2 protein chains.
Amino acid sequence: MSPRRISDSALQRLSHYLRFLEAFEDEGRETISSEDLAERGGTTSAQVRKDLSHFGSFGKRGLGYPVPELRARLAGILGVGRQWDVALVGAGKLGAALYAYDGFRRRGFHVVAVFDDDPRKIGRRWGQLEVEDVATLGASVRAKGVEIGIVVTPADAAQDVAEAMVAAGITAILNFAPRKLVLPESVTLRDVNLAIELEALCFALTHEGWIVGR
Amino acid sequence: MSPRRISDSALQRLSHYLRFLEAFEDEGRETISSEDLAERGGTTSAQVRKDLSHFGSFGKRGLGYPVPELRARLAGILGVGRQWDVALVGAGKLGAALYAYDGFRRRGFHVVAVFDDDPRKIGRRWGQLEVEDVATLGASVRAKGVEIGIVVTPADAAQDVAEAMVAAGITAILNFAPRKLVLPESVTLRDVNLAIELEALCFALTHEGWIVGR
DNA sequence: CGAAGCTTGTGAAAACAATCACAAACTCTG
DNA sequence: CAGAGTTTGTGATTGTTTTCACAAGCTTCG
């Protein structure tokens, strides 16, 4: 298909559109204009159309987009709808919260393995899972064919864990550890760094008058 | 001072630099070049210099940047070092994990109030705090002079909670609820949307060959 | 002290992303 | 079925961020 590149912000907007479309579909709405989607998403109609045009043309001029079709198409593009198996490393509080987080399950993300290196945690039951020794990550992840890894360890363990994931065939990692991971280009890595988010808030608080872009 | 605008990505990079500088200072290193900082941060030396130049010029040509000074200066810029009081709304698992998250405390973020609307949770002890009724948020937040709010509620409660925060004088909000909040321009808002992060991973997995920009 | 060697700070250029603006294509109405 | 009214898809434009490239300034060493 056409170009081979999409900006991160465009991708995030697509996720938002999908959520709005789901709501519209529940309301039984049949079609929707780029204008309406834009309003909900805090953007412009031209932006919506550009974003969608990366993947084809789904709308009818004069009418708008058919809600169910566009929702299905977007879901397909974003990989929502099928089930994704996830391995979680770090059986701490944050790991437990993510494990229990309903939003994940509802979106098709299934945690199929939990690892830790703390002997007191290894062997504990988490729902129908049992916390495994991180030393066995390679074998376990391979056996289960997991594709996505979530790193919720302290900073100093994160790099090793991520490398073990990559060695075990995982190619997409979501990292919550407050540290920059260095991984092969071929691995898709996203960071959720809570301290950085808060620091950005503080910056705004201490620099009134400054604009934090985008 | 000079311009009045900084891009979000530049701000995030500054947070990273700060972390690296702290590590370098612990190692007793006296000076560091933009090149070294760039290598650690996965960027380029020119980018580092541009980022820093927003706030003045801290380096010495031929030598690099003095590590302790630059660290102190960056910490000041990002508001690290002083204590920030935080109010947390949503006494669920994720809220509890954030409350206990050591990275926050270490960076000066102190949760001084926790709210929920569930009668079974209200009144419970969390460390030295007690979960308060979200109905009393306004008075409590005002009394404590809280500046930062964290929303960890389900999606449908988030907007109301955020508005209550704003009404109580909070001007910086970190939102974990999977929903777009509409707030006055004057409020600084940042979103952490876990589903969107995972969807971006899935996108990369299903669209091999595509590049997700920046 | 003068020359060689680094490294910064910053205009200028390039790459990238958002917005504009409009022809083309559809619907709806009478 | 023709004309009025919408709304898409997209080239052109504008704006923003990153990268380039180099003069200027500092250090070190003979």
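Rule-based calculations on the coordinates, nothing more; no lab input. Please read all numbers here as calculations on a predicted model, not as lab measurements. Don't worry about glycine lacking a Cβ; one is built from the backbone with ideal geometry, like all the others, and counts go over all protein chains shown.
Is there a quick way to get the dipole size of chain A? I mean about its Cα centre, with the Cβ of Lys and Arg at +1 and of Asp and Glu at -1; what is the value in debye to the nearest 20?
Here the size comes out at about 560 debye.
For B:TRP126, place a label point 7 Å from Cα along the Cα-to-Cβ direction in every copy; what are the distances to the other copies, in nm, shortest first?
2.1
Enumerate the lysines that B:LYS50 could reach by cross-link, defined here as Cα to Cα under 22 Å, with residues fewer than 8 away along the same chain left out.
Of all the lysines, those that pass the test against B:LYS50 - Cα under 22 Å, at least 8 places apart if same chain - are A:LYS180, B:LYS60.
Determine, from the Cβ-Cβ distance of B:SER57 and A:THR44 and an R0 of 41 Å, the FRET efficiency 1/(1 + (r/R0)^6), rounded to the nearest 0.05.
The value I calculate is 0.60.
Work out the length of the dipole vector of the protein assembly as shown about its Cα centre, built from +1 on the beta-carbon of each Lys and Arg and -1 on the beta-carbon of each Asp and Glu, and round it to the nearest 20 debye.
Dipole size: approximately 600 debye.
Projecting each Cα onto the charge dipole of chain B (Lys/Arg +1, Asp/Glu -1 at the beta carbon, about the Cα centre), which of B:LEU21, B:LEU37, B:VAL67 comes out farthest on the positive side?
Of the options given, the answer is B:VAL67.
Projecting each Cα onto the charge dipole of chain A (Lys/Arg +1, Asp/Glu -1 at the beta carbon, about the Cα centre), which of A:LEU189, A:VAL80, A:ALA113 comes out farthest on the positive side?
A:VAL80
Using a Förster radius of 22 Å, what is the FRET efficiency between B:GLU35 and A:LEU183 based on their Cβ-Cβ separation? Nearest 0.05, please.
Step by step, r from the Cβ atoms, then E = 0.50.
Which residue, A:ARG120, A:ARG71, A:ARG13, tops the fluctuation ranking in a GNM of chain A built on C-alpha contacts under 10 Å?
Fluctuation is largest for A:ARG120.
Taking R0 as 35 Å, what's the FRET efficiency between A:GLN128 and A:ASP160 from their Cβ-Cβ distance, rounded to 0.05?
0.80
Ranking request for peptides B:57-64, A:74-81: highest mean number of other beta-carbon atoms within 10 Å first, then the rest in descending order.
So the order, starting with the most tightly packed, is A:74-81, B:57-64.
How big is the charge dipole of the range B:14-102 about its Cα centre, in debye rounded to the nearest 20, if each Lys and Arg gets +1 on its Cβ and each Asp and Glu gets -1 on its Cβ?
300
Work out the mean other chain Cβ neighbour count within 10 Å for the residues of B:100-109 and drop it here as an integer.
Mean partner shielding for this stretch: 5.
How far, in nm to one decimal, is A:ASP8 from itself in the other copies if the label point is set 7 angstrom along Cα toward Cβ? Shortest first, please.
In ascending order, 0.9 nm.
List the lysines whose Cα sits under 17 Å from the Cα of A:LYS121, skipping any in the same chain fewer than 8 residues away.
Cross-link targets: A:LYS93.
Specify the inter-centroid distance of the range B:133-154 and the range A:78-104, based on alpha-carbon positions, in whole Å.
If we compute the Cα centre of each part, the gap is 28 Å.
Stretched out fully, how many nm does the piece from B:ILE211 to B:ALA100 gain, at 0.36 nm a residue minus the Cα gap?
Taking 0.36 nm per residue and subtracting the Cα distance, the gain is 36.3 nm.
Which one, A:ALA135, B:VAL152, B:ALA172, projects farthest toward the positive side of the charge dipole computed for the protein assembly as shown from Cβ point charges (K/R +1, D/E -1)?
My answer, from the dipole projection, is B:ALA172.
If we count other beta carbons within 10 Å of each Cβ, what is the order of A:SER34, A:SER186, A:SER9, fewest first?
Fewest-to-most Cβ neighbours within 10 Å comes out as A:SER186, A:SER9, A:SER34.
Let me know the mean shielding of A:11-22 by other chains, meaning the per-residue number of their Cβ atoms within 10 Å of its Cβ.
4
Going by the rotation axis that takes chain A to chain B, pick out the residue of A with the closest C-beta and quote the gap in whole Å.
Checking which Cβ lies nearest the axis yields A:ALA97, 2.
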